[in-house]
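The values are calculated or read from the model by the stated rules, or taken from the named source; none is laboratory data. Since we're looking at a predicted model, the values are computed, not measured. Note that each Cβ is placed from the backbone with ideal geometry, even for glycine, and that neighbours are counted across all protein chains shown. For accessibility, only protein heavy atoms count, side chains too; no ligands or nucleic acids. Shrake-Rupley method; radii C 1.70, N 1.55, O 1.52, S 1.80 Å.
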Amino acid sequence: MSSNTHPADEVHHRDPESGSESHAPGWRVGALGGIPVFIGGGWLVIGLVMVVLFGPQVALALPGLGVLAYAVAAGYAFLLLLSVLLHEAAHAVVARMCGYRVHRIVADLMGGHTAYDAARATPGRSALVAVAGPVANGVVCLLGWLVLPHVRGDVTGLLLGAVAWTNGFVAIFNLLPGLPLDGGFLLDSLVWRLSGRRHLGLLAAGWSGRLVTVAVVVWFLGLPLTRGQIPSLFTLAWAGLVGAFLWMGASQAITTGRLRGRLAALDVQAVTVPVLTMPVRGPLSSIPPIARADAERGVVVAVLDHDGKPVGILDSDAVAAAVAAGHQDATAESCLRAMPPNWVLEMPAATPDLGAAVDALVERRLPLLLLVEPGGAPWGALDGGTVAALAAGRRPR
């Protein structure tokens, strides 16, 4: 299974772009074209489960192996990990080809996910990224079955057959039409393309995802019952884990779809904050005057470097303290609140896509997103508090 959501953080690492400490979703094991690749601690659990479950089956199929059957099972777990990473790598490569900024590839407890910045997503690009993963697994499955008749050796044949079957299952399962599965992104893209409204795509794929969740759980538990068997504790636990993952992903899509629907009904002026600008070496006494209407809404003062690029905002508390101490001639740099490099999003003020702005704010994990005209000046800002209020169904202040 794969998704584009952010996982829970597990260990610390140093962000190579901002230099600030952040959380990483596991152990970094390499990079793909500069994209960091992580393996989460959950994969240790998956590996142990594969050894415990697959080991006795290998011993039964190849009794001559003895205890080495469990080494073969460990080899299968490793090949399964490579299959997951291939799935996510396919997502990452196509996402980058579509012009998205890919943050990381992760193999975790529920399979894996690829985190990328899709602020400028279109239905077609979203569908291409989504289908890339299952296609990669399908190719592995096909190649495995084509090569299998020509393979000599019981162990090699057993592993190759297991990997081919698993990749085929993963490809088909991920194409089920409900978020957070890849098939859900395809359904989202289809409804989005037909309706012209992204939030309707998310709502449709989210509700479909809940139906898929129920169907999967019923299949896990109902299949043994049709054979006259009582589901094992492992089957119950696995069905609960998979069901919870799918249900949470589907619910998140529904919440995001509702949020986008609210954004579509709002005036941009009710959501964004006006922006003023000043040079980094400019004195505090030169802060541009603020109109009363803007002052009531709140204003962000963006600080520009020598090339006219925004590097941060004025810290209002620091400015108030400096002015109170009689340091009106202090430069903006002395009261600068630095922002990460990806805090700026090019978006025309005339036709703003606030849904894309919210996506960028959330995906980049920013407290504030600065909106600028393409190749031009800043015109507004969106803060995390506003997004949180909208998500909770409250009107922004």
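Give region 295-343 a look and list any residue that's assigned to a strand (DSSP E or B) and β-branched (Val, Ile, Thr), or say none.
Within region 295-343, Val300, Val301, Val303, Val311, Ile313, Thr331 qualify.
Restricting the search to region 118-160, which residues are at pLDDT 90 or above and open to solvent by less than 20 Å² (accessible area, probe 1.4 Å)?
Ser126, Val129, Ala130, Ala132, Gly133, Pro134, Ala136, Asn137, Gly144
For region 312-345, which positions are of a type in the set (Val, Ile, Thr), open to solvent by 30 Å² or more (accessible area, probe 1.4 Å) and more than 26 Å from the chain's Cα centre (by Cα)?
Answer for region 312-345, where residues must be of a type in the set (Val, Ile, Thr), open to solvent by 30 Å² or more (accessible area, probe 1.4 Å) and more than 26 Å from the chain's Cα centre (by Cα): Val323, Thr331.
Restricting the search to region 154-191, which residues are within 19 Å of the chain's Cα centre (by Cα) and in a helix (DSSP H, G or I)?
The answer is Asn174, Asp182, Gly183, Gly184, Phe185, Leu186, Leu187, Asp188, Ser189.
Just give me the residues in region 347-376 being modelled with pLDDT of 85 or more, open to solvent by 20 Å² or more (accessible area, probe 1.4 Å) and over 21 Å from Arg262 (Cα atoms), in sequence order.
Answer for region 347-376, where residues must be modelled with pLDDT of 85 or more, open to solvent by 20 Å² or more (accessible area, probe 1.4 Å) and over 21 Å from Arg262 (Cα atoms): just Glu373.
Can you go through His91, His103 and tell me which one is open to solvent by 10 Å² or more (accessible area, probe 1.4 Å) and farther than 20 Å from Ile254 by Cβ?
So the residue among His91, His103 that is open to solvent by 10 Å² or more (accessible area, probe 1.4 Å) and farther than 20 Å from Ile254 by Cβ is His103.
Can you confirm whether Leu241 is open to solvent by 30 Å² or more (accessible area, probe 1.4 Å), at pLDDT 95 or above, in a helix (DSSP H, G or I) and within 25 Å of Ala115 (Cα to Cα)?
no
On the given criteria, is Arg96 touching a strand residue (DSSP E or B) at 6+ places or on another chain (Cβ under 9 Å), closer than 30 Å to Pro348 by Cα, open to solvent by 50 Å² or more (accessible area, probe 1.4 Å) and modelled with pLDDT of 90 or more?
yes
So which residues in region 220-236 are within 21 Å of Val49 (Cα to Cα) and open to solvent by 100 Å² or more (accessible area, probe 1.4 Å), if there are any at all?
Selection gives Ile230, Leu233.
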